[in-house]
1. With a/c under 1.5 counting as rounded, go ahead and sort region 139-314 into rounded, prolate or oblate using the C-alpha gyration tensor (a ≥ b ≥ c being the square roots of the eigenvalues; past the cut-off, prolate if a/b is larger than b/c, else oblate).
2. Using the Cα centre of region 139-314 as the reference point, and only Cβ charges (+1 on K/R, -1 on D/E), how large is the resulting charge dipole? Debye, rounded to the nearest 20.
3. Between Glu84 and Ala218, how high is the FRET efficiency from 1/(1 + (r/R0)^6) when r is the Cβ-Cβ distance and R₀ = 51 Å? Nearest 0.05.
4. Can you pull a Stokes-Einstein diffusion coefficient for region 9-110 at 25 °C (0.890 mPa s), Rh from Kirkwood over Cα pairs, as a whole number of µm²/s?
5. Can you tell me how region 18-74 classifies by the Cα gyration tensor, rounded, prolate or oblate, using a/c under 1.5 as the rounded cut?
6. Take the alpha-carbon centre of region 243-277, take the same for region 83-112, and report the distance between them in whole Å.
7. Work out the charge dipole of region 112-217 with +1 on the Cβ of Lys and Arg and -1 on the Cβ of Asp and Glu about the Cα centre, then indicate which of Gly124, Pro207, Gly157 is farthest towards its positive end.
8. Past the 30 Å Cα-Cα mark, which pairs from Lys150/Lys199; Lys199/Lys229; Lys150/Lys268; Lys150/Lys229?
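Nothing in this text is a laboratory measurement; each read-out follows from the coordinates by a stated rule. The structure displayed is predicted, hence computed values, not measured ones. Neighbour counts are summed over all protein chains in view; Cβ atoms, including those assigned to glycine, are modelled from backbone coordinates with ideal geometry.
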Amino acid sequence: MKDLVPVEPRELGGFQSDKLPAVIQNAGPKAGLRFLEFFAAEIRNPNTRRAYYRAVCDFFRWCEDFDLGLDRIGPVHVAAYIEELQKELSRPSVKQQLAAIRMVFDYLVLGQVVPANPAAAVRGPKYSTKRGKTPVLSSDEARQLLDSIKVEKSIVGLRDRALIALMVYTFARVGAATNMNVEDWYFQNRKWWVRLHEKGGKLHQMPAHHNLEEYLPAYIEAAGIENAKDTPLFRTARGKTQQLTDRRMTQSDVYVMIRRRAAGAGIKTLIGCHTFRATGITAYLSNGGKLEVAQQMAAHESARTTGLYDRRGDDISLDEVERIAI
């Protein structure tokens, strides 16, 4: 593989370009280059890239155990692998694994590395849902969480409150929030706006909720970053020093922060980064909002996707449960 030009892993969202599966390496330089090109050129989202890379590497390691070279992998092998996965993973996870394998082989076929896609004829498990699994907070719990964050003389507290509020009031994905620069909070047409860089390269602009108009400027002013327009908005902190770095927060940083803040607020629901997107959508719809408008606010392609975040039906009263008189 000496003739391949190495690509820095950080440039590919964590994809380890220098660690090709043995099955791909043994198939020769052309296969290796085509494999690298798929992850470098075809998949722009770093989270998807990591997940797909992990999925295909797991499959090729499985093939190694059976001494299968790239040219010997057929539909029966892919089907057997998917059958095994169904014993260990959820149906959505298995479908994602199969999608990754299928897409990589499609790319290898187009590059004339293999003659046919062995995964093309393999069917994944059936899966359909009308309700998402993301843990959701009630409006009272979300308010409790925001109010519990101590912001007096605490830049980190101001940052965390602003970040959580941003995800609640704009339905922003955590990746869109952490990718914001200071310039993505701006004043226009007599009101404040948020510019989000969402999945698929979508540029999504939202007017700011009045609470967000309070929380974000308070953080920006305390951090002293008003004029650093092209730098990260949400930054990491140096330990417990209350001093911010120039480094952008990652999704992992946000997740750790959220779990810590939830514990501090006495919230027992096992929330994550996506919780606030679902919480905001549910609160909006519960207060008479329209699904089609929520779809637009959330930058969803389909109203069905937005509907997965609508958890108004979760509120079954204790009185109704007590009707089960046994």
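1. Taking the square roots of the gyration eigenvalues as a ≥ b ≥ c, region 139-314 is oblate.
2. 400
3. Here the calculated transfer efficiency is 0.45.
4. After rounding, the answer is 177 µm²/s.
5. oblate
6. Computed from Cα coordinates, the inter-centre distance equals 31 Å.
7. Of the candidates, Gly124 comes out farthest on the positive side.
8. Cα-Cα > 30 Å for Lys150/Lys199; rest within.
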